[in-house]
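The structure appears below as structure tokens.
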Amino acid sequence: MTTSRRSALKALLAAPAAGVLAGQAQAATIQAGPPQAGPAGAPVFPAPNTAPPIHQASEAPPWPTWEGPVPTDWIDPKTGHRIVRLSGDEGGSKLYFYRNSFTPEGDVLLFSSPQGVIKVELDNGFRRSVLVADPDADLMVTGRRTRTAYYTVSDAGEGQPTDRPRTLFAVDIDTGRTRRLARIEQGQFSSINADETLVVGTVAYGDAPLQPDAADPRNRRAGQAEYAAVGPDGRPLNFAKAKGVRMLQRWAARVPMELFVVDLRTGERRVVHAARDWLNHPQFSPTDPERIIFSHEGPWHRVDRMWTIKTNGADLRKLHQRTMNFEIFGHEWFSPDGRQVLYDLQTPRGQVFWVASVDLETGKRVYRRLEQNSWSVHFNSSPDGSFFAGDGGDADMVAHAPDGKWLVLLRPEPVVDHDPESDQDDLISVEYLRTERLVDMGRHDYRLEPNVTFTPDGRWVLFVSNMHGRNHVYAASVARD
């Protein structure tokens with residue numbers, strides 16, 4: 001264990017859940033003069049320092065409520081875009097932003113609800129039906145080659161679901177016929193490869209729940225742990241700060257982990273990579289059945305987050321090199337053609353915001369600048385890769401955006417140099433992202449991440465929200481009606 005990690009862990013053990021983060025430079029707001037506007041609507045640069053002091057919360061805020069019927073189809077009065085509710089009155093939850101939830105033909109969407117796995121026919125007026133009538137079915141992903149959905153069911157028992165045996169199932173999206181594929185005694189499955197022959201997963205040996213007072217920290221209302229911790233003065237921290245404390249604790253623990261694959265034809269389990277780094281978010285390429293990207297999880301300014309590896313353990317390499325203190329990057333995803341990895345980049349944290357990409361073969365990098373109020377918890381690519389969507393964020397999050405609770409469309413524009421002949425191919429290319437607001441998320445509680453995803457035809461952006469009280473899955477039209 002390095003000296004810095006040993007010191008961090010010692011501090012955490014001496015004062016659990018207390019102000020490990022309190023000594024950082026956010027103890028007071030740094031005052032900055034007003035930014036100078038550029039010509040003809042050019043982006044303000046550099047961004048002002050808006051980092052606030054450590055926030056406190058006397059108690060967790062209540063979740064949004066809604067009186068009366070929940071709307072099913074309306075025009076957002078602030079953006080002019082149409083929104084359709086896809087989930088029934090019981091509510092629902094969509095997959096994480098990079099997980100495929102569509103058939104290869106793009107005609108069917110799957111998501112989860114209290115009834116089980118739900119099927120929505122995108123080419124039939126969003127007709128909804130139950131595909132798997134099991135509330136314990138944890139939808140993982142849909143196949144890219146066949147009309148198959150993959151889900152897991154954890155055995156009942158004590159402790160975290162990842163510490164209990166788990167079974168992987170496949171279900172035919174058209175017939176509903178289900179078959180058992182694989183079983184692991186511990187860990188979790190994450191992604192199916194492009195030809196649907198391998199599943200990738202992770203397992204940790206000896207890790208504790210992110211929220212120590214809960215054996216199963218997963219809050220189905222939030223889609224993640226309901227983080228809680230106190231600051232150095234003994235007062236409760238808000239959600240974002242408490243999450244930072246818990247993430248630091250888990251990172252510092254350095255428990256042994258494995259990244260593994262299971263062959264769906266033979267059942268063979270094979271370790272691809274073993275480490276004491278916190279291995280998370282493994283994703284298969286949408287086109288290359290042997291290519292995986294994964295993350296070193298933890299506080300983003302402390303980890304080299306983004307990595308790639310082949311299923312045989314070859315070609316392990318880091319995808320981004322930090323060049324300044326408090327530079328952060330993550331929430332990575334594959335471009336639709338599988339050639340690039342895209343990600344949220346901040347240089348430094350909370351100040352200057354980019355949607356960045358690296359070409360896996362050539363190493364070419366593109367940084368796309370966006371404004372503070374357009375920063376999002378997650379970004380995603382349109383099917384043709386020509387523009388992006390973002391799911392926004394509230395003022396407590398890393399961007400501390402004063403007006404960031406919007407779903408947005410982000411369209412790249414070139415930054416034209418007056419001397420283009422000076423451009424060098426081996427340097428980073430720079431673009432600017434022009435923002436169009438898509439959905440007003442003013443009533444949304446960002447403890448639930450909206451997780452934007454485009455439909456395969458590029459006409460809709462899907463997201464989950466609690467703006468109407470219960471969690472629901474919605475579709476927002478990219479075009480204004």
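For the reader, a short list of remarks on this structure follows.
- In the chain, the sites counted are chymotrypsin sites (Phe, Trp or Tyr not before Pro) in DSSP loop states with at most 14 other Cβ atoms within 10 Å, and the longest stretch holding none of them, exclusive of the sites, is 206-481.
- Sulfur and carbon atoms: percent of accessible area, the range 306-399 [1.4 Å]: 51 percent
- Trypsin sites (Lys or Arg not before Pro) restricted to the range 152-244 and DSSP loop, no more than 14 other C-beta within 10 Å: 177, 220
- Neighbour net charge for residue 323 - beta-carbon separation under 14 angstrom, K R +1, D E -1: +2
- In the range 156-256, the portion of solvent-accessible area held by carbon and sulfur atoms comes to 49 percent [1.4 Å probe, whole percent, DNA, RNA and ligands not counted].
- The residues of the range 388-472 expose, per residue, 43 Å² of accessible area to a 1.4 Å probe.
- Dipole size of the range 105-182 about its Cα centre, with +1 on Lys/Arg Cβ and -1 on Asp/Glu Cβ: approximately 220 debye, rounded to the nearest 20.
- R0 of 45 Å, Cβ-Cβ distance residue 301-residue 156: FRET efficiency to nearest 0.05: 0.70
- In a simple Cβ point-charge model (Lys, Arg +1; Asp, Glu -1; nothing else charged), the chain has a dipole of about 1060 debye relative to its Cα centre.
- Whole-Hz ³J(HN,Hα) from phi, Karplus 6.51 cos²θ - 1.76 cosθ + 1.60, for the range 70-83, glycine and proline x: 7, x, 10, 6, 7, 9, 5, x, 8, 10, x, 9, 7, 10
- For the range 48-203, the solvent-accessible area works out to 44 Å² per residue, with a probe of 1.4 Å and every protein chain left in place.
- Measuring nothing but how far apart in sequence close Cα pairs (under 8 Å, 6+ apart) lie, relative to its length, the range 148-230 scores a relative contact order of 21 percent.
- Sites residue 67 and residue 253 - FRET efficiency at Förster radius 60 Å, r taken between beta-carbons, to 0.05: 0.85
- The 3J(HN,Hα) values that the Karplus relation (6.51, -1.76, 1.60; θ = phi - 60°) gives for the range 200-210 are, in residue order, 10, x, 9, 9, 10, 10, x, 7, 9, x, 4 Hz. Gly and Pro appear as x.
- Subset of 94/243; 119/318; 94/241; 119/241; 243/318; 78/364 violating a 31 Å alpha-carbon distance limit: 119/318; 119/241; 78/364
- Heavy-atom accessible area with a 1.4 Å probe sorts 436, 158, largest first, into 158, 436.
- Straightening the chain between residue 130 and residue 197 buys 21.5 nm, computed as 0.36 nm per residue apart minus the Cα-Cα spacing.
- The trypsin sites (Lys or Arg not before Pro) found in the range 64-102 that occupy coil by DSSP, while having at most 15 further C-beta atoms within 10 Å, are 78.
- Amide proton proximity set for residue 183, modelled H, under 5 Å, gap of 5+: 168
- Whole-Hz ³J(HN,Hα) from phi, Karplus 6.51 cos²θ - 1.76 cosθ + 1.60, for the range 349-359, glycine and proline x: 3, x, 10, 10, 10, 9, 9, 10, 8, 9, 7
- The chain - convex hull of alpha carbons, volume per residue in Å³: 158 Å³
- Take every pair of alpha-carbon atoms less than 8 Å apart whose residues are at least six positions apart; their mean separation over the length of the chain yields a relative contact order of 14 percent.
The values are calculated or read from the model by the stated rules, or taken from the named source; none is laboratory data. As the structure is a prediction and not an experimental result, all values here were calculated from the model. Using ideal geometry, Cβ is built from the backbone for each residue, glycine included, and neighbour counts are taken over all protein chains shown. Heavy atoms of the whole protein, side chains included, go into the accessibility calculation; ligands, DNA and RNA do not. Shrake-Rupley method; radii C 1.70, N 1.55, O 1.52, S 1.80 Å.
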